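Note sheet for the following structure.
The values are calculated or read from the model by the stated rules, or taken from the named source; none is laboratory data. What you are looking at is a predicted structure, and each value in this text was computed from that prediction instead of being measured. For neighbour counting, all protein chains shown are included, and Cβ atoms are generated from backbone atoms with ideal geometry for every residue, glycine included. These accessible areas exclude ligands, DNA and RNA; they are computed on the full protein's heavy atoms, side chains included. Shrake-Rupley method; radii C 1.70, N 1.55, O 1.52, S 1.80 Å.
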Amino acid sequence: MRIAIVGQQDFGKAVLEAFLARGDQVAGVFCAPEKPGARPDALKVAAQEKGVEVFQFPSLKSEEARTSLKRLAPDLGIMAFVLQFAPQDFVTIPKHGTIQYHPSLLPKYRGPSSINWPIIRGDSKTGLTIFRPTDGLDEGPVILQKEAPIAPDDTLGTVYFDRLFPMGVEAMLEAADLVVNNKHQEVVQDEAKATYEGWCRKAEARLNWANHVDFVYNTVRGCNPAPGAWTTLNGKELQIFDARKHAVRTFGAVRGKIGEVVEVTPQSFQITAQGGRVEVQRAKLGDGKKVAAAELLSSGAIKPGMIAA
């Protein structure tokens, strides 16, 4: 088939390479312009290396964007990790329309941080959806869905890179074949089951040690590696990445005050929350680098009795 890809970064690159590897023709690639000083987009670089025409329009609502897509005359549009708004007069140009990837089981977790929130909320499963883009955010009819488990110690990184990323590339190929061969079904999303969550950024990633240890730990997991769950310790910002949870099961077993650094070993330190402790194994203190907890402890930057807030 002849396709046009709209996307960016590593996921867009992987989708491009997957279609080319099986012999499809990529007529062109659309990706957002890079911000000043940013590295060249991975999808853009890969497309240029493979001789695929690249378009970088500030807006896909422009006449230039529509004209360029019409000139390519694709059978299908493929939206792979798209943050730009794509209007209907753009996505309906390809012969068989356009399909889009979203890393959640729509209609749940519509929005831009749909991988973070299921982990933060303690869900045991998530998944991906291939759907028809509409003018509503992640609201179009569903073509294909795949489920993926969330294990108790999974992080944003493991869920995405180990599951939703590779599964998503394969699902894009599968859904494209279904649509072009007219073997697909389009299921309207049930609005009664729909949820929307906004960005998970720094404000949402702040830890409150007075919360239950389950919620604190899930926030750490759901923000690892980005945006990085954080607290303050001795006047400095402490970002926590790799960690483990230690729940208590008997009355009086919680050690220390809420937020207190306890259970210090050469390799890690623990911070007390309601109902247990979070063992920190990798972190970033102040303007330093992300390092193993052992390095912070050996330098004396973190000591027993300090209070995180």
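Residue by residue, here is whether (1) among the hydrophobic types (A, V, I, L, M, F, W, C); (2) in contact with a strand residue (DSSP E or B) (Cβ under 6 Å, 6 or more places away or on another chain); (3) assigned to a loop (DSSP other than H, G, I, E, B); (4) more than 26 Å from Lys289 (Cα to Cα) holds:
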residue: Ala192; (1), (2), (3), (4): yes, no, no, yes
residue: Trp199; (1), (2), (3), (4): yes, no, yes, no
residue: Glu204; (1), (2), (3), (4): no, no, yes, no
residue: Trp209; (1), (2), (3), (4): yes, yes, yes, no
residue: Ala226; (1), (2), (3), (4): yes, no, yes, no
residue: Thr232; (1), (2), (3), (4): no, no, no, no
residue: Arg244; (1), (2), (3), (4): no, yes, no, no
residue: Arg249; (1), (2), (3), (4): no, no, yes, yes
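Within the range 144-198, the residues that satisfy the criterion of being aromatic (Phe, Trp, Tyr) and either surrounded by 16 or more Cβ atoms within 10 Å (Cβ to Cβ) or touching a helix residue (DSSP H, G or I) at 6+ places or on another chain (Cβ under 9 Å) (or both) are Tyr160, Phe165. Taking the criterion of being more than 16 Å from Gln270 (Cβ to Cβ) and over 32 Å from the mean Cα position of the chain (by Cα), the residues of the range 293-307 that qualify are Ser298, Ser299, Gly300. Would you check if Gly300 is at pLDDT below 95, open to solvent by less than 40 Å² (accessible area, probe 1.4 Å) and either among the β-branched types (Val, Ile, Thr) or not in a strand (DSSP E or B) (or both)? So Gly300 fits the description; yes.
Listed here are the residues, each with its yes/no results for (1) crowded, with 16+ Cβ neighbours inside 10 Å; (2) among the acidic types (Asp, Glu); (3) over 27 Å from Leu156 (Cβ atoms); (4) modelled with pLDDT of 95 or more.
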{"site": "Lys236", "(1), (2), (3), (4)": "no, no, no, yes"}
{"site": "Arg255", "(1), (2), (3), (4)": "no, no, yes, no"}
{"site": "Leu285", "(1), (2), (3), (4)": "yes, no, no, yes"}
{"site": "Ala293", "(1), (2), (3), (4)": "yes, no, no, yes"}
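Number of residues in the range 215-244 that are small (Gly, Ala, Ser) and more than 21 Å from the chain's Cα centre (by Cα) equals 1.
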